[in-house]
Amino acid sequence: MSKDTLFSKKNKKLLTDPLDDNNPITVQVLGICSALAITVQLKPAVVMAVSVLFVLSTANVLVSIMRNLIPSRIRIIVQLVVIASLVILVDQVLKAFVYDVSKELSVFVGLIITNCIIMGRLEAFALGNTPGKAFLDGLGNSFGYGIILIIVAFFRELLGSGTLYGYPVLEKLGVYELGYENNGMMILPPMALITVGILIWIQRARNKKLIESN
Amino acid sequence: MEELINIFIKAVFIENMVFAYFLGMCSYLAISKTVETSVGMGGAVIFVLAMTVPINYLLENYVLQEGALVWFDESFKDVDLSFLSFIMFIAVIASMVQLVEMIIEKVSPALYGSLGLFLPLIAVNCAILGSSLFMQERAYTNITEATVFGLGSGFGFFLAIVGLAAIREKIRYSHVPPALRGLGITYIITGLMGIAFMSFMGIKL
């Protein structure tokens, strides 16, 4: 195996690919469950993105270190145990430092365990690559995931409640005096799906090679 | 009895796993290309949910909760193991799925042929772990209620995935803008189905 430097072209690709061409949410269809449920406001979305960043990159490294020791028959259980222990860590930290956000995320912190983005990357990447590369892959994919989360939450919070990160932007700008009303529809869960649908539309209109045949 | 029917209806329609909480989305989107496979997946989910929710209910009430270990010894009444619930629940689910897979393979190879493919996928289906966590959050009073809740949320998933698959089979014959084909239009359909399901929300049971 050739030894390449940390920021060689190949490694950079690991980081940048998941941002667009191979985005976990819009292309790989991974990690959608949590992505949609917690995007009503920016704050929980950011917390979720950071939690996934931590869990995914650490789990990727750990599983990659153990990849030659894990018998393939029981690998799913081993992976789940690694992920579950990391998630317990995140959950306890959130409860201790940002209790209100952790209440808001409710079961979705626990659901990071079954967030397919993590299992998917472990299966597809960490099991066959060295820890360094697995770390980069974890970082790249959680950035790709986080970006979509934040874009969706940005529009839903701005249009739905007229605030950004809890700060009343539209009120300060005086938009309400012009007769603008918040679009209550954006807060409802189904609009998250439609927002992601539109994002995919925009992405694929720009990036023709992602278009599906059917 | 009335209470049980209420829990069931609520889990199927009002608090539908897919449309109200977006749980199980990954397999929901990935395996809804044809009605036939989606029926297989939905059936497997109902089956696994009906098994794992009651087991996790017992675990929660006799091992994990604060003071739940009193049946074992009085001195355990201050022990609170609930921080372990994620790892316990997922272990139960993963091993149940493995067990179910082995049993079906031995007992009915025909059923295994149609379901077998989906079983490993179910271990990481968030709807399964989600149901157990909701069961924990809502604190059902007895095991029958928990079982009915498990069945109900499984049935809700079944309904959702079969419905989406039917629509996707039809939409193949219509003109969708190229960039929206496949995943994009599927998201939007699911959103519209979700809006339709929201009409159940006002129902008080």
Net charge contributed by nearby residues that have their C-beta within less than 10 Å of A:S102 (K/R +1, D/E -1): -1
What is chain B's relative contact order, in percent, from Cα pairs under 8 angstrom and six or more apart in sequence? 41 percent
A 1.4 Å probe over the protein heavy atoms gives the protein assembly as shown a carbon and sulfur accessible-area percentage of 67 percent
Express in nm, to one decimal, how much length is gained between B:E3 and B:V79 on full extension, taking 0.36 nm for each residue of separation and deducting their alpha carbon distance. 24.2 nm
Calculate how steeply helix B:183-198 sits against the longest principal axis of the alpha-carbon atoms of chain B, using the helix alpha-carbon long axis, and give the answer as 0 to 90 degrees to the nearest 10. 60 degrees
Would you mind getting the accessible area per residue of segment A:131-212, heavy atoms of the protein chains only, 1.4 Å probe, in Å²? 49 Å²
In Å² (nearest 100), what accessible area is buried between B and A, both sides summed, heavy protein atoms only, 1.4 Å probe? 3700 Å²
With Cα atoms, 0 to 90° folded angle of helix A:131-161 axis to chain A main axis: 10 degrees
Residue-ordered couplings for segment A:176-185, obtained by feeding phi - 60° into the Karplus form 6.51 cos²θ - 1.76 cosθ + 1.60 and rounding to whole Hz (Gly and Pro as x), are 5, 5, 7, x, 6, 10, 5, 8, x, 4
Looking at the P(r) of the protein assembly as shown, how many percent of alpha-carbon pairs lie beyond 39 Å? 18 percent
Taking a 1.4 Å probe, which of A:Y176, A:Y99 shows the most accessible area, and what order do the others take after it? A:Y99, A:Y176
Sum up the charges of everything whose Cβ sits under 15 Å from the Cβ of A:A126, counting Lys and Arg as +1 and Asp and Glu as -1, but leave A:A126 out. +2
Longest principal axis of chain A (C-alpha) makes with the long axis of helix A:75-97 (C-alpha) an angle, in degrees to the nearest 10, of 40 degrees
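In percent, what relative contact order does segment A:96-214 have, based on Cα pairs under 8 Å that are 6 or more apart in sequence?
After rounding, I find 15 percent.
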Restricting to DSSP H runs of at least four residues, report the calculated mean residue ellipticity at 222 nm for chain B, -39500 (n - 2.57) per run over all residues, nearest 500 deg cm²/dmol. -21500 deg cm²/dmol
5 Å is the cut-off here: which amide hydrogens, built 1.01 Å from N in the peptide plane, fall below it relative to A:L164, excluding neighbours closer than 5 in sequence? A:V169
For a protection proxy built on the mean count of beta-carbon atoms within 10 angstrom, sort B:158-167, B:48-57, B:125-134 highest first, please. B:125-134, B:48-57, B:158-167
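The values are calculated or read from the model by the stated rules, or taken from the named source; none is laboratory data. Only a predicted model underlies this, so the values are computations on that prediction, with no experimental measurement involved. Cβ coordinates were reconstructed from backbone atoms using ideal geometry, including for glycine residues, and neighbour counts include every protein chain displayed. The area values use the complete protein model at the heavy-atom level, side chains included, leaving out ligands, DNA and RNA. Shrake-Rupley method; radii C 1.70, N 1.55, O 1.52, S 1.80 Å.
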